[in-house]
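Novice: Handing you this structure, nothing more for now.
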Amino acid sequence: MSQPNNNNNNSNEHWGSRIGVVVAVAGGAIGLGNFLRFPGQVANYGGGAFMIPYMLSFLIIAIPLASAEWALGRCGGKLGYHSPFGVYYAVSNKSRFWGLCGGLTSLTPLVIGMYYIFVEAWCLLYALQYLGGLLEHCGLGFSLLKEVQPGLDLAGSEEYGALFASFTGMTGDGSLFKDAVSPLLLVTFICAAANFYLVYRGITKGIERFNLIVAPLILLCSFIVIIRVLTLGNPTGTPGQGLLDGLGFMWNPTREVVTASGEVVKIGVLESLSNPEVWLAATAQLFFTVSICLGATLTYATYVRPKEDIALSSVTATAANEFCEVVLGGMMAIPPAIMFLGAQAADKFGSTFSLGFIVLPNVFGQMPAGQFFGFLFFLLLFFAAITSSISIIQPTIALFKDTLQLRRTISVLLVSLIILSGTTFVCWFTKDLAALDAFDFWFANFAPFLTGIIQTILIVHVWKLTNLRKELDCGAIVKLPRFIGPLLKYVSLPYLVLIFAFWCYKNLKGRIIDVANNVVAQYSLLYIAGLALGLLALTLIALRRWRKEEEQTDLEECGGTKVNS
């Protein structure tokens with residue numbers, strides 16, 4: 001197979017070390033999905049009842065698909081391609097259809113990156129606010145939020161909710177732009193600039209080096225916060241609000257909820273599992289948190305050296321991510337919330353963002369030395385977020401380099417302008433976070449399912465299991481079991497199709513009605529449709545150029561004379 005002309009494409013760029021690529025992939029996967037989204041999903045979907053489809057999906061979806069994505073990516077990298085578009089095109093024997101499919105899947109990381117930077121700024125702003133409270137004891141205190149004093153030490157949940165609504169602009173569209181300099185907009189710009197600088201520095205000097213520095217800091221902050229949680233005991237002295245009760249909420253498949261009339265009703269495991277939203281959310285959570293079918297792992301794998309081990313690396317990165325999610329993320333967020341507020345308060349946690357930015361600050365406010373632990377928690381959230389956001393941005397950088405053969409500097413500049421336009425869109429339509437919610441659901445829950453189905457079909461029916469096995473075995477220190485391929489073909493793919501079809505049957509109509517009744521959601525999808533058309537045009541231009549290059553190569557091989565059939 002002929003390769004594209006990559007003179008300007010840095011096609012020889014590789015990870016500097018094996019530990020570097022594992023840490024980078026794990027760092028890209030370990031983000032807000034682990035420490036913020038996962039606890040919120042557990043709380044919203046019934047605690048232990050959510051963990052049943054979650055663990056099932058981890059075994060039959062996350063492990064085999066993550067390994068296959070590493071193999072698929074490295075195979076594409078050997079052929080000179082570094083974007084999902086280029087990889088799909090290469091492994092499908094230069095199929096236009098699969099190339100276009102790869103181009104469309106590149107839309108997912110692009111859209112996620114647009115709002116992820118905005119949420120990343122929330123984490124940094126909260127961390128700085130807690131830091132201002134800590135420094136106040138030294139006479140150096142400061143507050144970036146004009147509504148409160150340094151340290152986020154408020155009276156109760158209503159005050160924390162009002163603060164969150166005010167500083168994120170939930171009170172009205174365009175409210176962040178009314179002040180001369182909005183602290184959140186300023187911090188969002190700082191976060192965006194940091195992301196673009198790191199991806200501009202490249203795979204080794206930027207992404208890998210940053211992950212190697214930040215990963216130990218994330219673990220250090222996590223362990224300090226968890227030690228504090230484990231030593232809390234029963235902080236309020238209320239029966240049923242001890243450490244074991246907090247841990248039990250996460251694993252107990254039955255739960256009690258309070259109805260509007262004040263009646264306590266027990267929800268059984270079968271009732272919870274009969275809701276297709278639970279299954280979709282559990283599997284989509286793994287897509288999001290393991291960073292599969294989002295373009296990030298696939299792109300990172302293209303920079304792995306041809307003879308480097310990927311079998312052990314893929315399992316190591318996936319296992320590290322699960323440890324950070326279930327053990328660290330789950331224990332840091334859910335148990336203290338239950339311990340201070342009670343298990344029945346879980347029904348009032350609301351969205352993922354409510355748990356992280358309203359409930360937990362309320363908990364830190366009641367916890368001894370809460371300002372210090374609040375600072376550590378949001379600092380690790382910020383570090384985890386930025387390692388993920390640069391992994392989300394990289395696939396689009398690679399797409400521009402693959403399709404237009406641009407240097408990294410120009411690619412980063414163009415992608416930064418596109419992402420900033422989407423971030424500005426989200427920052428403007430902040431009333432009830434409608435734009436962010438639309439971006440998040442359709443591209444963190446819905447789109448990864450489609451990509452997962454498409455990519456699995458590509459691997460097992462087009463690329464073939466023999467090529468998958470050959471790539472996984474190449475350079476493998478410890479070879480993965482032989483059943484990985486058949487598991488992907490005969491279990492994982494039908495499982496994905498079944499859940500997705502069942503969800504569409506039960507819930508898609510309602511989602512469409514919600515969009516029809518929400519003008520901002522309609523604007524959001526129209527904006528994304530425009531991005532999709534742009535990506536399609538980009539991929540069509542590249543396909544046309546590659547075909548001409550291939551025809552020219554064929555002519556040269558025939559001595560300059562085209563042979564008619």
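The values are calculated or read from the model by the stated rules, or taken from the named source; none is laboratory data. Remember, it's a predicted structure, so these values are computed and weren't measured experimentally. Note that each Cβ is placed from the backbone with ideal geometry, even for glycine, and that neighbours are counted across all protein chains shown. Side chains included, ligands, DNA and RNA excluded: accessible areas come from the protein's heavy atoms. Shrake-Rupley method; radii C 1.70, N 1.55, O 1.52, S 1.80 Å.
Novice: Starting from residues that are assigned to a helix (DSSP H, G or I) and open to solvent by 10 Å² or more (accessible area, probe 1.4 Å), keep the ones in region 422-432 and report whichever is nearest to residue 526 (Cα to Cα). Step through it out loud before you land on a result.
Specialist: Residues of region 422-432 that are assigned to a helix (DSSP H, G or I), as a first pass: 422-428, 431-432.
Imposing the further condition that a residue be open to solvent by 10 Å² or more (accessible area, probe 1.4 Å) reduces the set to 424-425, 428, 431-432.
Numbers: 424: 15, 425: 12, 428: 16, 431: 18, 432: 19 Å.
By that ranking, first place goes to 425.
Novice: Considering 102, 80, which residue is assigned to a loop (DSSP other than H, G, I, E, B), at pLDDT below 95 and more than 22 Å from residue 354 (Cβ to Cβ)? Give the steps one after another, and end with the answer.
Specialist: Numbers: 102 fails: assigned to a loop (DSSP other than H, G, I, E, B).
The unique qualifying residue is 80.
Novice: Based on what the data block shows, is residue 380 touching a Ser or Thr at 6+ places or on another chain (Cβ under 7 Å), open to solvent by less than 20 Å² (accessible area, probe 1.4 Å) and under 30 Å from residue 237 (Cβ atoms)? Spell out how you get there, then give the answer.
Specialist: On the way: touching a Ser or Thr at 6+ places or on another chain (Cβ under 7 Å): yes; open to solvent by less than 20 Å² (accessible area, probe 1.4 Å): yes; under 30 Å from residue 237 (Cβ atoms): yes.
Spelling it out, residue 380 is indeed touching a Ser or Thr at 6+ places or on another chain (Cβ under 7 Å), open to solvent by less than 20 Å² (accessible area, probe 1.4 Å) and under 30 Å from residue 237 (Cβ atoms).
Novice: Please specify each residue of region 41-79 satisfying the condition of being open to solvent by 10 Å² or more (accessible area, probe 1.4 Å) and closer than 19 Å to residue 18 by Cα.
Specialist: 75, 77, 78
Novice: Here's a follow-up. Could you run through region 155-197 and say how many residues are open to solvent by less than 40 Å² (accessible area, probe 1.4 Å) and either in contact with a helix residue (DSSP H, G or I) (Cβ under 8 Å, 6 or more places away or on another chain) or among the polar types (S, T, N, Q) (or both)?
Specialist: Let us first name the residues in region 155-197 that are open to solvent by less than 40 Å² (accessible area, probe 1.4 Å), namely 156, 160-161, 163-165, 167-169, 172, 174-176, 182, 184, 187-188, 191-192, 194-196.
Subsequent filtering for residues that are either in contact with a helix residue (DSSP H, G or I) (Cβ under 8 Å, 6 or more places away or on another chain) or among the polar types (S, T, N, Q) (or both) retains 156, 160-161, 164, 167-169, 172, 174-176, 182, 184, 187-188, 191-192, 194-196.
So the count comes out to 20.
Novice: Scan 269, 315 and give me the residue that is touching a Leu at 6+ places or on another chain (Cβ under 8 Å), of a type outside the set (Lys, Arg) and surrounded by fewer than 21 Cβ atoms within 10 Å (Cβ to Cβ).
Specialist: Just one listed residue meets the conditions, 315.
Novice: Is it true that residue 439 is assigned to a helix (DSSP H, G or I), open to solvent by 20 Å² or more (accessible area, probe 1.4 Å), touching a residue at least 12 places away in the same chain (Cβ under 8 Å) and among the aromatic types (Phe, Trp, Tyr)?
Specialist: Details: assigned to a helix (DSSP H, G or I): yes; open to solvent by 20 Å² or more (accessible area, probe 1.4 Å): no; touching a residue at least 12 places away in the same chain (Cβ under 8 Å): yes; among the aromatic types (Phe, Trp, Tyr): yes.
No: the conditions fail for residue 439.
Novice: Follow-up question, since we're still on this one. So residue 69 clears everything in (1) within 17 Å of residue 316 (Cα to Cα); (2) modelled with pLDDT under 95 except one condition, right? Which one?
Specialist: Going through (1) within 17 Å of residue 316 (Cα to Cα); (2) modelled with pLDDT under 95 one by one, residue 69 breaks only (2).
Novice: Hand me the list of helices (runs of 4 or more DSSP H) wholly inside region 313-421 holding 2 or more residues that are more than 25 Å from residue 192 (Cβ to Cβ) and without any contact (Cβ under 8 Å) to a residue 24 or more places away in the chain.
Specialist: Numbers: elements: 330-341, 360-366, 370-404.
Helices (runs of 4 or more DSSP H) meeting the threshold: none at all.
Novice: Among the residues of region 210-267 satisfying the criterion of being farther than 28 Å from residue 381 by Cα and of a type in the set (Val, Ile, Thr), which is modelled with the highest pLDDT?
Specialist: Taking the candidates together, the pick is 238.
Novice: Looking only at residues in region 127-165 that are in a helix (DSSP H, G or I) and charged (D, E, K, R), which one is nearest to residue 370 (Cα to Cα)? Spell out how you get there, then give the answer.
Specialist: Our first condition is that a residue be in a helix (DSSP H, G or I); within region 127-165, this holds for 127-136, 157-165.
Applying the additional criterion that residues be charged (D, E, K, R) yields 136, 158-159.
Numbers: 136: 14, 158: 18, 159: 17 Å.
Ranking the qualifying residues of region 127-165, first place goes to 136.
Novice: I would also like to ask the following. If the Cβ limit is 6 Å and pairs must be 6+ apart or interchain, which residue in region 473-501 that is closer than 22 Å to residue 308 by Cα pairs with which residue that is of a type in the set (A, V, I, L, M) and open to solvent by 60 Å² or more (accessible area, probe 1.4 Å)?
Specialist: Between residues of region 473-501 that are closer than 22 Å to residue 308 by Cα and residues that are of a type in the set (A, V, I, L, M) and open to solvent by 60 Å² or more (accessible area, probe 1.4 Å), the close pairs are 477/312; 478/312.
Novice: Out of 199, 148, 181, I need the residue that is touching a Leu at 6+ places or on another chain (Cβ under 8 Å), at negative phi and not hydroxyl-bearing (Ser, Thr, Tyr). Which one?
Specialist: Numbers: 199 fails: touching a Leu at 6+ places or on another chain (Cβ under 8 Å); 181 fails: touching a Leu at 6+ places or on another chain (Cβ under 8 Å).
On inspection, the qualifying residue turns out to be 148.
Novice: Still on this model: Evaluate the following for residue 372: is it of a type in the set (Phe, Trp, Tyr), surrounded by fewer than 24 Cβ atoms within 10 Å (Cβ to Cβ) and in contact with a helix residue (DSSP H, G or I) (Cβ under 9 Å, 6 or more places away or on another chain)?
Specialist: yes
Novice: Would you point out which residue out of 31, 16, 20, 40 is of a type in the set (Gly, Ala, Ser) and more than 21 Å from the chain's Cα centre (by Cα)?
Specialist: Result: 16 is the single residue among 31, 16, 20, 40 that is of a type in the set (Gly, Ala, Ser) and more than 21 Å from the chain's Cα centre (by Cα).
Novice: Moving to a separate point now. Are there any pairs with C-beta distances below 7 angstrom linking a residue in region 192-221 that is in contact (Cβ under 8 Å) with a residue 60 or more places away in the chain and closer than 15 Å to residue 384 by Cα to a residue that is of a type in the set (Phe, Trp, Tyr) and in a helix (DSSP H, G or I), with the two at least 6 apart or on different chains, and if so which?
Specialist: 198/210; 214/383; 217/383; 218/383
Novice: Which residues, counting only those in region 516-545, are touching a residue at least 40 places away in the same chain (Cβ under 8 Å) and over 27 Å from residue 396 (Cα atoms)? So that I can check it myself, show each step before the final result.
Specialist: Step one: of region 516-545, the residues touching a residue at least 40 places away in the same chain (Cβ under 8 Å) are 518, 520-521, 523-525, 527-528, 531-532, 535-536, 538-543.
Answer for region 516-545, where residues must be touching a residue at least 40 places away in the same chain (Cβ under 8 Å) and over 27 Å from residue 396 (Cα atoms): just 518.
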